[in-house]
Structure formats: C-alpha cells, structure tokens
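Worksheet for the structure shown next.
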Amino acid sequence: MKLICGLGNPGKQYLNTKHNFGFIVIDQLVKDYNFSYSSSNFYGDLYQGEICNQKIFLLKPTTFMNNSGVAVAKVKQFYKIEIVNIVVLHDDFDINFGKIKIKIGGGHGGHNGLKSIDSMIGKDYQRIRLGIKKEENNLKAIDYVLQNFTSEDSKIVNNISEKISHFIHHLIAGKIDSFYNKFYSQLN
C-alpha cells in the first residue's frame, strides 16, 4: 500500500498557481487511473485505486500548504502506511522550470509544506521535486509561488503531469533510474 500526496492550497484562487503543481499531478493521476474519491475525513481529499495491481492512495491536503503534514500523518496512521511507501509531489523553487528531481529524505529547503510533513512523520519519504524556477524571476519566493502559471507554462505543466502519470509505475516498483530515463526521453 502506498500514499502519493500532492502539495498545494485549496480554493479556486490557487488552482493554477506554481505552489499547486503537486495538486495538478494528483488530478492527472486520478483521471488517468480512474481513482475513486474515498474521503475528506483526513484533512484532505483522499482517492483510492490501483496502479500495477498495487493499492494506492492519492491525497490532496485541504489544510493549506503550511499544515500539509496533518493530512499526511492522519492517512499514514489510519492505514498504517510505512514512511518508505509515501511519495510527496511538490513545487521546488531551486529546480529549473520543466525539470524534476527525485530524492528520499533530506532537508525541506524552506518549503513550508515539507517542513510540516517532516515535523509530523519524519523525513525519510520519497519526494518528486517539480521545478518552477525561472531565471527572470525577481519576486520574493512567497509571491512567486502564488503566481498563476502562464498559458504557455500550463502546457508544459500538463505535459510534465502526463509524463509523471504515464511512468509512475516505474517509481511504484522502485525503479527510479528507469522512471528518469522514460520521463526525460518522452518529454517534449
């Protein structure tokens, strides 16, 4: 059993913001794999389904970014999901837009959603870091991440979300190198 959590903020005003990149990927997974809505009892919207014959929960916390750990901890505790079976998708200000990186554990890099999760469950979960950095940006981080994606950027975000969804089974099987190779060979 695995939990894949996308980070973002609830509400229409945040729907297409850079900080909601994780939510956007979760929405793609729900659509592509026909996940069923399960519950809102965990301080988030929880979906369940299967990928590669493995039971998967998808979570979009509704606690706002700074308290994302509350939702993750509730689902983890209720379903007794081990931390090594948790994947968190989040925007990353230090990675160039259009790129992703995967890591297990480590620091939060100032990301409030990760800070919250770290404080609630520890740090040894897998992270899919979704790059949002652009060279021409002169804004403070908080202002930048709450900006909407441009229509051109949204095309790239949708392409990235589709590719993550298409190749997620490699990550679920623990084949990170295979995921990277497929992801970057198909990204256009």
Extreme residue, surrounded by the fewest Cβ atoms within 10 Å (Cβ to Cβ), among residues of the range 31-40 that are out of contact with any Phe, Trp or Tyr (no Cβ under 7 Å at 6 or more places or on another chain) and small (Gly, Ala, Ser): SER40
Flag for HIS166 being of a type outside the set (Val, Ile, Thr), crowded, with 22+ Cβ neighbours inside 10 Å and either at negative phi or within 15 Å of the chain's Cα centre (by Cα) (or both): no
Members of the range 89-110 that are outside any loop (DSSP other than H, G, I, E, B), surrounded by 14 or more Cβ atoms within 10 Å (Cβ to Cβ) and among the hydrophobic types (A, V, I, L, M, F, W, C): LEU89, PHE93, ILE95, ILE100, ILE102
Matching residues in the range 25-47 - criterion: being touching a Lys or Arg at 6+ places or on another chain (Cβ under 6 Å) and of a type in the set (A, V, I, L, M, F, W, C): ILE26, PHE42
Counted residues, the range 136-188 - those being closer than 19 Å to HIS19 by Cβ and of a type in the set (Ser, Thr, Tyr): 5
Test: residue in the range 179-188 that is among the hydroxyl-bearing types (Ser, Thr, Tyr) and crowded, with 17+ Cβ neighbours inside 10 Å: no
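This table checks each residue for (1) farther than 20 Å from LEU171 by Cβ; (2) at pLDDT below 95; (3) among the polar types (S, T, N, Q).
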site	(1), (2), (3)
LYS103	no, yes, no
GLY109	yes, yes, no
SER116	yes, no, yes
ASP124	no, no, no
ILE128	no, no, no
LYS133	yes, yes, no
LYS140	yes, yes, no
VAL145	yes, yes, no
Qualifying residue in the range 117-124 (condition: of a type in the set (A, V, I, L, M), in a loop (DSSP other than H, G, I, E, B) and over 28 Å from LYS12 (Cα atoms)): no
Matching residues, the range 41-57, being surrounded by fewer than 16 Cβ atoms within 10 Å (Cβ to Cβ) and in contact with a Leu (Cβ under 7 Å, 6 or more places away or on another chain): none
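On the given criteria, is ILE81 in contact (Cβ under 8 Å) with a residue 40 or more places away in the chain, assigned to a loop (DSSP other than H, G, I, E, B) and of a type in the set (Val, Ile, Thr)?
yes
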Among residues of the range 136-161, those that are in contact (Cβ under 8 Å) with a residue 24 or more places away in the chain and within 13 Å of PHE93 (Cβ to Cβ), counted: 5
Residue in the range 58-80 that is buried (at least 22 other Cβ atoms within 10 Å of the Cβ), over 19 Å from LYS2 (Cβ atoms) and not aromatic (Phe, Trp, Tyr) present: yes
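The values are calculated or read from the model by the stated rules, or taken from the named source; none is laboratory data. In this text, all values refer to a predicted model and were calculated from it rather than measured experimentally. Reconstructed Cβ throughout: ideal geometry from the backbone, glycine too, with neighbour counts over all protein chains shown.
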